[in-house]
Amino acid sequence: WVKEVSKIPVFAKLTPNVTNIVKIARAAQDGGADGVTAINTVSGLMGLNAKGNAWPSIGKEKKTTYGGVSGNAVKPMALKAVSSIAKNLARISNPWLQEVLTVLMFAGNSS
């Protein structure tokens, strides 16, 4: 329904925390999305202590939670997702969008 009322392009934001991001991207495409953004943060844990318990842990009950890893640390995962989506769902008829994809792909080769 978003596409029916939107006057601007609609992009679905995809999580990398799935088994097959191409299937999710295909669902977005089938649903009428103009494109997808891949990826956002990746679930992560800061570390483990010598007993294998999550670290850091807070309070008397030693609670912890997963966080999001982002930035340069996830660049290889992001490039893999973009590459997989592009190879499997390439439907780019807009020359500007094709240029953006080309720039993104080449950016992955720089340091």
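The values are calculated or read from the model by the stated rules, or taken from the named source; none is laboratory data. On a predicted model such as this, the values are computed, not experimentally measured, just so you know. Every residue, glycine among them, receives a Cβ derived from its backbone with ideal geometry; neighbour counts consider all protein chains shown. SASA here: full protein model, heavy atoms, side chains in, ligands and nucleic acids out. Shrake-Rupley method; radii C 1.70, N 1.55, O 1.52, S 1.80 Å.
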inquiry  = Tell me whether segment 42-65 contains one or more residues that are within 30 Å of Lys7 (Cα to Cα), modelled with pLDDT of 75 or more, out of contact with any Asp or Glu (no Cβ under 9 Å at 6 or more places or on another chain) and hydroxyl-bearing (Ser, Thr, Tyr).
reply    = no
task = Can you work out which of the residues in segment 23-53 that are touching a residue at least 24 places away in the same chain (Cβ under 8 Å) and under 13 Å from Asn88 (Cβ atoms) is surrounded by the fewest Cβ atoms within 10 Å (Cβ to Cβ)?
result = Arg26
request  = Quick one: in segment 1-19, of everything that is assigned to a loop (DSSP other than H, G, I, E, B) and over 22 Å from Ala73 (Cβ atoms), which residue is most open to solvent (accessible area, probe 1.4 Å)?
outcome  = Trp1
